[in-house]
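Engineer: Sharing a structure with you now.
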Amino acid sequence: MPKIYNFSAGPAVLPESVLQTAQQEMLDYNGTGFPVMTLSHRSDIFLSILHHAEQDLRQLLNIPNNYKILFMQGGGSTQFELVAMNFANGFKRIDSVISGNWSRIAHEQMMKVTDCTIHTAAHGGEQFNYTDLPQPENWDISPDSAFVHYVSNETVHGLQYNLVPKLSADSPPMICDMSSDILSRPINVADFGVIYAGAQKNVGPSGATIVIIREDLLERCSDKLPNVWNYQRYIANNGMYNTPATYPIYMAGLVFRWLQTQGGVAKIEQFNNLKAQTLYDTIDQSGGFYRNNIAPRARSKMNVIFNTGSEELDKKFIFEADLRGLKSLKGYKTLGGMRASIYNAMPLEGVQALAEFMQEFQRKHG
Ligand code: PLP
C-alpha cells in the first residue's frame, strides 16, 4: 500500500501529529476523564480550550486588540450573507470584487439579503475569463460604500491575490473571505475591517468558521436582526450566543499549536512557496504537456490547477495517481482537469511525490 497524500480542496489534510494527539485524547482529554465531544460548552474545561484557541490565533496572526475573534457555524457561505446583513445597515451600496467562483457566489447571495446595491467593483470573469485577477488599483470603489468585499484565494479557479490590496485612505473597510488561505502567510490584520474563513482547509475539520471583526464595525449591527445572525450578540455572549462547534474548535486549537511549533505563519509561508514552486515548475517545464493558463502574478499557492488538454488523459491521470496514493486530484466539477490543493498541512514529500508522478506520467503518455 503506497503512502497516501490527500490533495482534497477541503475538508483537507491535517497535520499527522494533530491527528495523533486527537486520537490519544479522544476518550480522555488531558486527564480530565472527559471526551472533548461530550464537554458542555459552558464547562471550565471547554472555556479554557476556546480561550487558548483564540489566544493562539491572535498570536499567530498578530491580531490587534481592537479586533474580536469569533468561531461561528455555517461555513464561509453563511458569512457571505452575514457580512451584508450586519455591516450594510444604513448604507446604500456594497462594493464587491468578482474574481472567481466564490466571490461570484458571495455577490449573488449578498443581493438576496440587503436592499443595498451590490456594485461590481471589478469582474475577473469578464476581464480575464478568470485567468488573472482584477488589480486593486482598478477596483471601482466608493468611500460611501458599506464595505468592499473580496476573496483572497479562489479555491476553484486557482487564483490568489499575492499581496493584500492597498486601498486609498478614504476607501470603505475591506471584508475578505480567506477560507482557503488563512494562516498560509503573514498578513496585516489592521488592513481589514473583517476577515472570515471556514476551517476546513487550513484550520481543521469543517464546522467552525473564524470571523475576525474590527470592533468599531459592530456598532452597525442592527437589533432587528435575529440574534443568531447578529455578530454583536455573539460578542456580548463571549463568542457563544448558542452552542458552538466545540470539537472543530478543539481541533483548530491543536492546529494552531502545531503551526506555532512549525515556526508560525512566516515560516509556513516559505514551505508553501516551495511546494507551489515545485508544482508550477513541473507544469512549466513539461513543454506544454501540462497546462495552467493563470497569469504568473495570480497563481494560487494553495490550489494548483492543471490539465493535459485531453479529457481522456486527465481521467487517466486522476485514476493512475489515485492508485499511487495521490488522492483527490480531480478538478472542480465545472472546470474539469486536475487540482492539487497543497494547504499548510500538505508535507513537501507529498508535493514531490506528485511532481515525480507527473513527470513519469508524461514520459509514459507524452
Ligand atoms: N469561500 C471559499 C474561498 C471557499 O473555498 C469555500 C469552499 O470551498 C467557501 C467560501 C464556502 O465554504 P463553506 O462550504 O464552508 O460554506
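Engineer: Can you pull out every residue in the stretch 86-110 that is more than 16 Å from the ligand (Cβ to nearest atom) and under 21 Å from Val211 (Cα atoms)? Explain how you work it out, then say what you get.
Structural biologist: Looking only at the stretch 86-110, we keep the residues that are more than 16 Å from the ligand (Cβ to nearest atom), and these are 86-95.
Within the stretch 86-110, Asn86, Phe87, Ala88, Asn89, Ile94, Asp95 qualify.
Engineer: May I pose another question? Please work out if Asn293 is within 23 Å of the chain's Cα centre (by Cα), in a helix (DSSP H, G or I) and among the polar types (S, T, N, Q). Explain how you work it out, then say what you get.
Structural biologist: Values: within 23 Å of the chain's Cα centre (by Cα): yes; in a helix (DSSP H, G or I): no; among the polar types (S, T, N, Q): yes.
The answer is no for Asn293.
Engineer: Is it fair to say Gln73 is more than 26 Å from Pro165 (Cα to Cα) and either open to solvent by 60 Å² or more (accessible area, probe 1.4 Å) or away from the ligand (no atom under 16 Å from the Cβ) (or both)? Full working, then the answer.
Structural biologist: On the way: more than 26 Å from Pro165 (Cα to Cα): yes; either open to solvent by 60 Å² or more (accessible area, probe 1.4 Å) or away from the ligand (no atom under 16 Å from the Cβ) (or both): yes.
Yes; evaluated as a whole, the condition is true for this residue.
Engineer: State yes or no: is Ala169 assigned by the TED database to the domain that holds Arg257, assigned to a loop (DSSP other than H, G, I, E, B), among the small types (Gly, Ala, Ser) and open to solvent by 10 Å² or more (accessible area, probe 1.4 Å)? So that I can check it myself, show each step before the final result.
Structural biologist: Working: assigned by the TED database to the domain that holds Arg257: yes; assigned to a loop (DSSP other than H, G, I, E, B): yes; among the small types (Gly, Ala, Ser): yes; open to solvent by 10 Å² or more (accessible area, probe 1.4 Å): yes.
Criteria met by Ala169.
Engineer: Pairs, please: C-beta under 8 Å, at least 6 apart or cross-chain, first residue of a type in the set (Gly, Ala, Ser) and in the stretch 48-59, second modelled with pLDDT of 95 or more?
Structural biologist: Ala53/Phe71; Ala53/Ile249; Ala53/Tyr250; Ala53/Ala252; Ala53/Gly253; Ala53/Phe256
Engineer: Any idea which of (1) within 15 Å of the ligand (Cβ to nearest atom); (2) open to solvent by 40 Å² or more (accessible area, probe 1.4 Å) is the one Phe80 doesn't satisfy?
Structural biologist: The number of the failed condition is (2).
Engineer: So is Phe271 open to solvent by 80 Å² or more (accessible area, probe 1.4 Å) and within 24 Å of the chain's Cα centre (by Cα) or not?
Structural biologist: Values: open to solvent by 80 Å² or more (accessible area, probe 1.4 Å): yes; within 24 Å of the chain's Cα centre (by Cα): yes.
Here the answer is yes, as Phe271 does meet what is asked.
Engineer: Quick one: in the stretch 65-96, of everything that is within 11 Å of Phe147 (Cα to Cα) and of a type in the set (A, V, I, L, M, F, W, C), which residue is nearest to the chain's Cα centre (by Cα)?
Structural biologist: Only one residue fits best here, namely Val83.
Engineer: Also, quick follow-up: Just one of the numbered conditions (1) closer than 30 Å to Val156 by Cα; (2) of a type in the set (A, V, I, L, M); (3) away from the ligand (no atom under 16 Å from the Cβ); (4) part of a loop (DSSP other than H, G, I, E, B) is not true of Leu27; which one?
Structural biologist: Here Leu27 clears every test but (1).
Engineer: Would you please name the residue that is nearest to the ligand (Cβ to nearest atom), looking only at residues in the stretch 161-209 that are within 21 Å of Ala345 (Cα to Cα) and basic (Lys, Arg)?
Structural biologist: Applying the filter and picking the extreme gives Lys201.
Engineer: Which one of these does Pro11 not meet: (1) open to solvent by 70 Å² or more (accessible area, probe 1.4 Å); (2) outside the structural domain of Leu348 (by the TED database)?
Structural biologist: Only one criterion in (1) open to solvent by 70 Å² or more (accessible area, probe 1.4 Å); (2) outside the structural domain of Leu348 (by the TED database) is unmet by Pro11, namely (2).
Engineer: All but one of (1) more than 16 Å from the ligand (Cβ to nearest atom); (2) surrounded by fewer than 24 Cβ atoms within 10 Å (Cβ to Cβ); (3) not in a loop (DSSP other than H, G, I, E, B) hold for Pro248; which doesn't?
Structural biologist: Here Pro248 clears every test but (1).
Engineer: Determine which member of the set Ala345, Ala353, Ala321 is assigned by the TED database to the domain that holds Asn273 and touching a helix residue (DSSP H, G or I) at 6+ places or on another chain (Cβ under 7 Å). Outline the logic, then answer.
Structural biologist: Values: Ala345 fails: touching a helix residue (DSSP H, G or I) at 6+ places or on another chain (Cβ under 7 Å); Ala353 fails: touching a helix residue (DSSP H, G or I) at 6+ places or on another chain (Cβ under 7 Å).
The match here is Ala321.
Engineer: Another question about this same structure. Mind checking which pairs have a first residue in the stretch 88-116 that is open to solvent by 80 Å² or more (accessible area, probe 1.4 Å) and a second that is within 16 Å of the ligand (Cβ to nearest atom) and of a type outside the set (S, T, N, Q), Cβ under 6 Å, 6 or more apart or different chains?
Structural biologist: Matching pairs, first to second residue: Arg104/Ile98.
Engineer: Are any residues in the stretch 333-366 in contact with a Phe, Trp or Tyr (Cβ under 9 Å, 6 or more places away or on another chain), assigned to a loop (DSSP other than H, G, I, E, B) and buried (at least 18 other Cβ atoms within 10 Å of the Cβ), and if so, which ones?
Structural biologist: Gly337, Ile342, Asn344, Ala345, Met346
Engineer: Can you name the number of the only condition in (1) touching a helix residue (DSSP H, G or I) at 6+ places or on another chain (Cβ under 9 Å); (2) within 25 Å of Ala345 (Cα to Cα) that Ile45 fails?
Structural biologist: Result: Ile45 passes all but (2).
Engineer: Of all the residues that make up the stretch 125-160, how many are under 12 Å from Ile294 (Cα atoms) and either more than 16 Å from the ligand (Cβ to nearest atom) or surrounded by fewer than 24 Cβ atoms within 10 Å (Cβ to Cβ) (or both)?
Structural biologist: So the count comes out to 4.
Engineer: Any residue in the stretch 199-227 that is without any contact (Cβ under 8 Å) to a residue 60 or more places away in the chain sitting within a Cβ distance under 8 Å of a residue that is more than 16 Å from the ligand (Cβ to nearest atom) and open to solvent by 40 Å² or more (accessible area, probe 1.4 Å)? List the pairs, counting only those 6 or more apart or interchain.
Structural biologist: Asn227/Arg233; Asn227/Tyr241
Engineer: What tally of residues in the stretch 183-201 results from selecting those that are closer than 21 Å to Val156 by Cβ and open to solvent by 10 Å² or more (accessible area, probe 1.4 Å)?
Structural biologist: So in the stretch 183-201, the residues closer than 21 Å to Val156 by Cβ come out as 183-185, 195-201.
Going one step further and asking which of them are open to solvent by 10 Å² or more (accessible area, probe 1.4 Å), we end up with 185, 200-201.
Final tally of qualifying residues: 3.
The values are calculated or read from the model by the stated rules, or taken from the named source; none is laboratory data. Model, not experiment: these values are computed from the prediction. Don't worry about glycine lacking a Cβ; one is built from the backbone with ideal geometry, like all the others, and counts go over all protein chains shown. The area values use the complete protein model at the heavy-atom level, side chains included, leaving out ligands, DNA and RNA. Shrake-Rupley method; radii C 1.70, N 1.55, O 1.52, S 1.80 Å.
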